[in-house]
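A short worksheet on the structure shown next.
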Amino acid sequence: MNDPIGTTARAPHPPGCPAHEEAVRLRGHAFQQDPAELYRSLRGRYGSVAPVLLEGDVPVWLVLGYSEVTYVTSHDELFARDSRRWNQWGAVPADWPLLPFVGHQPSVLFTEGTEHQRRAGVVTEALEAVDQFELAQWCREIAELLINAFAGSGQADLTTAYAHALPMRAAVRMCGMPAHGADTEGLVQDLRISLDAAENDDPVAAYARVQERIQRLVEDKRRAPGPDVASRMLAHPAALTDEEAVQDLVVVLAAAQQPTAGWICNTLRLLLTDDRFALNVSGGRLSVGQALNEVLWLDTPTQNVIGRWAVRDTTLGGRRIRAGDCLVLGLAAANTDPRIWPEEHIGAENSAHLSFGHGEHRCPYPAPMLADVIARTAVETLLERLPDVVLAVGPDELAWRPSVWMRGLASLPVSFTPVVALGEYGSGNQR
């Protein structure tokens, strides 16, 4: 945990790959606490495209520039999504933690061309049919139940007890599973492990369990369809196979869980630590909306995305990119690219950030709106129920999770005046 920020290494890879020159390892405690500093350092040293090493010293290019990220994601003919093109598979160990999400799978994430349009169309239409008012009501019900569990204690860790717990329960309910229960709890835990594994976790095994559970869901919905995302995907004229449906439902659930949880948690942190929001922290819609959007620009939960693979030799940001090279999309770095923010002033007034991706493979159109419903309802409900909530530690004591990919707090300890659980006495009045 004491590695310096941006540790450099000269790795034993052949000429032409990103590690041929000195590359930077994306790891270390300082990087976890302040990745923006590493992005600034890489920009100053390499420009908008930098050679970096992932875990196991696997070499890739990190695309830091806003215009470069949008260029890559707008030119599928040059930078495609099928990871089987990668020229470094020989350097990837069999137990590589990123295999569950980089190794090729028959999911919508790895499809291209007309096949991607077919699969993405199914997901888009299934999500479009979600009633946003009903979703907000579900989220409020889930939020109230979660808050009830700790409301009387006067303290809580909002990361584990609330921010991570709420969006997954909302997502599984959208897909036709119960919001609570042992089955759902196991799925929530395994998705967390597979997306953001801790030191002793086994992400490969966890991902296998996720697929098994979603396979059972697909079988259930084939027999007894309902008014849910899974049933609509299975009934779509594109006629997904069971395997396709399983893979794409896993994508939907994964996309709804970790990024939205980070969005909720990072927004609560901003509201609780920034004096600009102090006067309006008790549930004001304007301040919550501003905080939600500002987080997407400055502290986006999805920091980096792997990735795209070069179809042929090309250049990008002055770098020679060889066929089969892997490019990691640096969404957080691109959002704070000084070339799009003159005089280093980063505003959060518009929604041109890249936090939901860009191009054909960005999050399907309804997904950002649904994520906003979940995150906004979660934040507003908490502030309404616990209007005097404050941090239980100093802002500098908050620690970030050790992830290159997701930006989220390891914990968000808070304190507040204890209140009775709603439903026990008919209101949430203070004791």
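The values are calculated or read from the model by the stated rules, or taken from the named source; none is laboratory data. It should be emphasised that the depicted structure is a prediction, and the values quoted were computed from it without experimental measurement. In this analysis, Cβ positions are derived from the backbone assuming ideal geometry, glycine residues included, and neighbour counts consider all displayed protein chains. Ligands, DNA and RNA are excluded from the accessible area calculation, which covers all protein heavy atoms including side chains. Shrake-Rupley method; radii C 1.70, N 1.55, O 1.52, S 1.80 Å.
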Within the accessible area of the chain (1.4 Å probe), percent carbon and sulfur: 52
Per residue value of the accessible surface for the stretch 185-329 (all protein chains in place, 1.4 Å probe), Å²: 40
Debye, to nearest 20: dipole size of the chain, +1 on Lys, Arg Cβ, -1 on Asp, Glu Cβ: 500
GNM flexibility winner over the chain from 148, 304, 350 (Cα, springs under 10 Å): 350
Amide hydrogen neighbours beyond the local backbone of residue 175, cut-off 5 Å, H modeled: 229
Simple spin-label estimate for residue 235 and residue 36 in nanometres, 7 Å along Cα-Cβ: 4.7
The stretch 131-250: relative contact order as a whole-number percent, Cα under 8 Å and 6+ apart: 20
GNM flexibility winner over the chain from 378, 256, 149 (Cα, springs under 10 Å): 149
Reported label for calculated Kirkwood radius over Cα pairs in Å given (i) 21.3; (ii) 22.4; (iii) 25.6: (ii)
Built amide H within the under 5 Å cut-off of residue 62, gap 5+: 50, 52, 328
Computed [θ] at 222 nm, deg cm²/dmol, the chain (DSSP H ≥ 4; -39,500 (n - 2.57); rounded to nearest 500): -14000 deg cm²/dmol
Karplus-derived HN-Hα couplings along the stretch 94-103 (A = 6.51, B = -1.76, C = 1.60, θ = phi - 60°), whole Hz, x at Gly and Pro: 5, 9, 4, x, 8, 4, x, 10, 10, x
Counted charge near residue 122, where neighbours are those whose Cβ lies closer than 12 Å (Asp, Glu -1; Lys, Arg +1): -2
Per-pair calculated FRET efficiency, R0 = 41 Å: residue 118 and residue 396 via Cβ, rounded to 0.05: 0.25
Between the stretch 241-265 and the stretch 402-417, the Cα center-to-center distance that results, in Å: 21
Backbone N under 20 Å from the residue 340 label point (7 Å along Cα→Cβ), restricted to the stretch 240-260: 259-260
Once the Cα gyration tensor of the stretch 104-182 is diagonalised, semi-axes √(5λ) in Å: 33, 15, 10
5 angstrom amide H check on residue 27, placed H, neighbours 5+ away: 6, 7
Net charge, residue 37 excluded, C-beta distance under 13 Å - Lys, Arg +1, Asp, Glu -1: +2
Mean separation of Cα contacts under 8 Å (6+ apart) over length of the chain, as relative contact order %: 22
Contact order normalised by residue count of the stretch 213-280, Cα under 8 Å, 6+ apart, percent: 26
3J(HN,Hα) from dihedral phi, the stretch 302-319, Karplus parametrisation 6.51/-1.76/1.60, rounded to Hz, x for glycine, proline: 9, 6, 9, 10, 10, x, 10, 10, 5, 6, 8, 4, 7, 10, 8, x, x, 9
Phi to ³J(HN,Hα) by Karplus 6.51 cos²θ - 1.76 cosθ + 1.60 over the stretch 204-218, Hz, x for Gly, Pro: 5, 5, 5, 5, 4, 5, 4, 4, 4, 5, 6, 4, 5, 4, 4
In range of the label at residue 189: residues from the stretch 400-416 whose backbone nitrogen is under 20 Å from the point 7 Å along Cα→Cβ: 410-411
